[in-house]
Amino acid sequence: MAPQKMRDDNLSENHFVADILDDVASLLNQQNASVFRVRAYHDAASYLRGLPHPVRLDYQHGGKRGLDDLPTIGPSIASTIAEVLDTGSSGLLDRLRGAADPEMLFQTVPMIGPALARQIHDGLGIDTLEALEAAAHDGRLATINGIGPRRVESLRHSLTDMLARRRPRQAPRDRQQPSLGDILAVDQVYRSNVDRLPTIKPRRCNPTGDIRLPILHTERNEWQFTAVFSNSPTAHRFGKTRDWVVIYFERTDQPEGQVTVVTEHGGMLDGKRVIRGQEKTCIAHYEALENRHLQSQ
């Protein structure tokens, strides 16, 4: 290939990535995300279109850090660019469009086929590779039938290799997440405003196209949140599509994470909103709230 043609092809990739960033910005704007977040994606897209060299070179030489160092490219957008350069698509864009397919995404990981991908998604209620990696480290993945200790360890290594360049240099087990109070507050705001929120039309579990899911973008204490009702096959099977809320969160120094908030039935937490898999922490949270209430009387 002639040098000029190769250069033109490489720079066209910049425009391809920029188009995806612009699409993200447009959807965030339609879904009432913060003006700052919308502008950040548009500004990053404009910068990439004017970049005189292929952005892939920055990624190849410095990983996600090499993208972070570019003007107007913050950590969250750097993660999006890295994913597009690695896969040709953006999970964030798919989610905003209602086109996300977690089971297909999980099948990009070695040793995960269609049946296991379905088990993981249904059993753990997770949608991203980052959440899958977290589950491999905190013990949840080992609860899936057919996944023994050796397979979990192999999946950990595969996910580390796949995600290493896209995130801050930080061990998965050292990741932080928003306070439980902030997560439950976002859940409350979401469920209290479903009739006033913009909606997306998911492609999965929506054969007639009639399902519309309210979506919330908000910020609390330096964290960015997106909340949406679960549209998983399990949520449909148990009639929980208006109870289970999936909350995605990220911060400039933390990769994206997600939790599912549900109404607990039975036991000490009966009738309360809890984060699935963090029931013990929720008990402590509600006990602390009750103690503060009693002390204030």
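The values are calculated or read from the model by the stated rules, or taken from the named source; none is laboratory data. Because the structure is predicted, anything quoted here is derived from the model rather than measured. Every residue, glycine among them, receives a Cβ derived from its backbone with ideal geometry; neighbour counts consider all protein chains shown.
Would region 50-73 turn up any residue that is touching a strand residue (DSSP E or B) at 6+ places or on another chain (Cβ under 8 Å) and within 15 Å of Thr252 (Cα to Cα)?
No; the residues of region 50-73 include none that is touching a strand residue (DSSP E or B) at 6+ places or on another chain (Cβ under 8 Å) and within 15 Å of Thr252 (Cα to Cα).
Among what's in region 27-79 and is among the hydroxyl-bearing types (Ser, Thr, Tyr) and out of contact with any Phe, Trp or Tyr (no Cβ under 8 Å at 6 or more places or on another chain), pick the residue that is farthest from Thr199 (Cα to Cα).
Tyr59
Being aliphatic (A, V, I, L, M) and either modelled with pLDDT under 90 or not in a helix (DSSP H, G or I) (or both), is that true of even one residue in region 172-181?
Checked against the condition, which is being aliphatic (A, V, I, L, M) and either modelled with pLDDT under 90 or not in a helix (DSSP H, G or I) (or both), region 172-181 yields no hits at all.
Counting only residues that are small (Gly, Ala, Ser) and either at pLDDT below 95 or surrounded by 15 or more Cβ atoms within 10 Å (Cβ to Cβ) (or both), how many does region 182-200 have?
Qualifying residue count, region 182-200: 1.
Could you look through region 39-75, keep only residues that are under 17 Å from Ile20 (Cα atoms), aliphatic (A, V, I, L, M) and not in a helix (DSSP H, G or I), and pick out the one that is farthest from the chain's Cα centre (by Cα)?
Out of the qualifying residues, it is Leu51.
Report whether or not Lys201 is touching a residue at least 12 places away in the same chain (Cβ under 8 Å) and touching a Gly at 6+ places or on another chain (Cβ under 9 Å).
Here the answer is yes, as Lys201 does meet what is asked.
Looking at region 73-101 only, could you name the residues that are on the phi > 0 side of the Ramachandran plot and exposed (fewer than 15 other Cβ atoms within 10 Å of the Cβ)?
Gly88
Restricting the search to region 112-163, which residues are outside any helix (DSSP H, G or I) and surrounded by 14 or more Cβ atoms within 10 Å (Cβ to Cβ)?
Ile112, Gly125, Ile126, Asp127, Thr128, Arg140, Ile144, Ile147
Is it true that Arg242 is out of contact with any helix residue (DSSP H, G or I) (no Cβ under 9 Å at 6 or more places or on another chain) and not in a strand (DSSP E or B)?
The answer is no for Arg242.
Kindly evaluate Asp43 against the criterion of being surrounded by fewer than 16 Cβ atoms within 10 Å (Cβ to Cβ), free of Cβ contacts under 8 Å to residues at least 60 places away in the same chain and acidic (Asp, Glu).
Considered against the rule, which asks whether it is surrounded by fewer than 16 Cβ atoms within 10 Å (Cβ to Cβ), free of Cβ contacts under 8 Å to residues at least 60 places away in the same chain and acidic (Asp, Glu), Asp43 comes out as no.
Taking the residues in region 218-248 that are hydroxyl-bearing (Ser, Thr, Tyr) and buried (at least 20 other Cβ atoms within 10 Å of the Cβ) as candidates, determine which candidate is nearest to Ile120 (Cα to Cα).
The extreme case among them is Ser232.
Out of (1) polar (S, T, N, Q); (2) in contact (Cβ under 8 Å) with a residue 24 or more places away in the chain; (3) surrounded by fewer than 20 Cβ atoms within 10 Å (Cβ to Cβ); (4) under 30 Å from Arg150 (Cα atoms), the odd one out for Gln107 is which?
That leaves (2) as the condition not met.
Would you say Ser158 is modelled with pLDDT of 90 or more and within 30 Å of Gly62 (Cα to Cα)?
So Ser158 fits the description; yes.
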